[in-house]
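Here's the structure, in structure tokens; my notes come after.
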Ligand code: PLP
């Protein structure tokens, strides 16, 4: 596959943009280096790069593009919003509509506030929890990524892990001391941390279904234990559902049928992003009325945003959720994903490639190892060279994956059986080459 235009553009980008990319997860550093592909058009489940090569896309822009690229309903909503002015700095009726849609789908949220990214949403939930409890520390889980605000970059999965930067420079050690990190799926470790620091823990923060060291389900009872323990020690529970909300069903992980008792795993605060913006920048956070009324202008916790709730992002979000309300949408994504993961597993077996696949409805992760992946240590203990070889083989055959062994594959409403057949042929050829 000729990608000379991408290579040239990368050299040009390196002169002007730090590292040539505007988010480090887009770099190919973890998969052998070189030029990332410069895409020029996305349509449905497909991408075309600047050299004219076509790809089936499973990156879905790290999650938001669940309806495929340039979905006509979303494009129309954005076009109409733009024609009426992109930014008002005043309230609009659209914000009320999307807030109501979120509240109906996620009952733990009495009140919502829109921001511009998942990072902002998470950062603010922590501030609100600290203000409400008048405590300082937070407990998080190793390998969960919660955006790039200072506190949550400690032991922060996904992007930082891929690039070998577990903690970021520029974060004062005094701040890092306010974060306690324990292993995911380990209620005993959480209990021990709360016993030691419980009096000063404002919140326990978790991705209720992990999307940042592969897709990892909580073990039976883990979220129930987490919520019970947090409450016992007077800490709030924050769910980071930036990836998981509207990913597995029309709702959030906290209401996903696969998780037992919804009341027993109800959080105090939830952070949202990605899908709820239909591909435009967005974040949101929400929770119980009592906790949310800490936020200005009602309460003493300050949070603001010039771009927050802008009509284009909100319109795209409403349109995206409308598409997701369609009959059988999630079932079809799951059907295709089962076909795909079954086929990948068969190919891996045929060629003696050790592979663990974690699938949750229409998304999954591939781990080159022969053990289960239920926490961050297990996700790290996988073959990075094999992933890099697989990634490059797939790209060469027209399949676009995230350049990181920790990131998920996301199916969209635009993928079809033809895409799955094409992808399985690429997988078979890739594994055959890797095994030879
Ligand atoms: N939380 C989770 C679970 C995420 O996966 C991410 C981004 O990948 C974020 C927060 C940060 O969101 P954003 O990149 O929109 O700032």
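Computed from the coordinates by the stated procedures, all read-outs in this text should not be read as laboratory data. Only a predicted model underlies this, so the values are computations on that prediction, with no experimental measurement involved. Positions of Cβ are backbone-derived with ideal geometry, glycine not excepted, and every protein chain shown enters the neighbour counts.
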Next on the checklist: Using a 10 Å cut-off around each Cβ, can you sort 333, 215 from fewest to most neighbouring Cβ atoms?
Outcome noted: 333, 215
Next on the checklist: For the range 281-330, what does the convex hull of the Cα positions come to per residue, in cubic angstrom?
Outcome noted: 107 Å³
Checklist entry - Which of these, 405, 41, 15, has the largest mean-square fluctuation under a Gaussian network model of the chain (Cα springs below 10 Å)? => result 15
Checklist entry - Once you put a point 7 Å from the Cα of residue 134 and another 7 Å from the Cα of residue 54, both along the Cβ direction, what distance in nm separates them? => result 6.4 nm
Item to check | DSSP-defined beta bridges in the range 72-324 - what % are antiparallel, rounded to 5 | outcome: 40 percent
Checklist entry - Which number do you get for Rg(Cα) / (2.2 N^0.38 Å) in the chain? => result 0.96
Checklist entry - In the calculated pair distance distribution of the range 184-229, what percentage of Cα-Cα distances lie above 16 Å? => result 39 percent
Checklist entry - How long is the gain from residue 173 to residue 23 if the chain were fully straight, where each residue apart is worth 0.36 nm and the alpha carbon distance is subtracted? => result 51.5 nm
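How many percent of Cα pairs in the range 72-324 exceed 23 Å?
Of the Cα pairs, 48 percent sit more than 23 Å apart.
Add -39500 (n - 2.57) for each DSSP H run of 4 or more in the chain, then divide by its residues: what number comes out at 222 nm, to the nearest 500 deg cm²/dmol?
Calculated from helices alone, the mean residue ellipticity at 222 nm is -11500 deg cm²/dmol.
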Checklist entry - When DSSP assigns beta bridges and you keep just the ones with both residues in the chain, what percent turn out antiparallel, to the nearest 5? => result 60 percent
Next on the checklist: With the alpha-carbon atoms as the only input, what is the per residue convex hull volume for the range 187-283 in Å³?
Outcome noted: 102 Å³
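Pairs of Cα atoms under 8 Å, at least six residues apart: use those to get the relative contact order of the range 163-262, whole percent.
Numbers: 90 pairs, mean separation 24.4, N = 100.
Answer for the range 163-262 is 24 percent.
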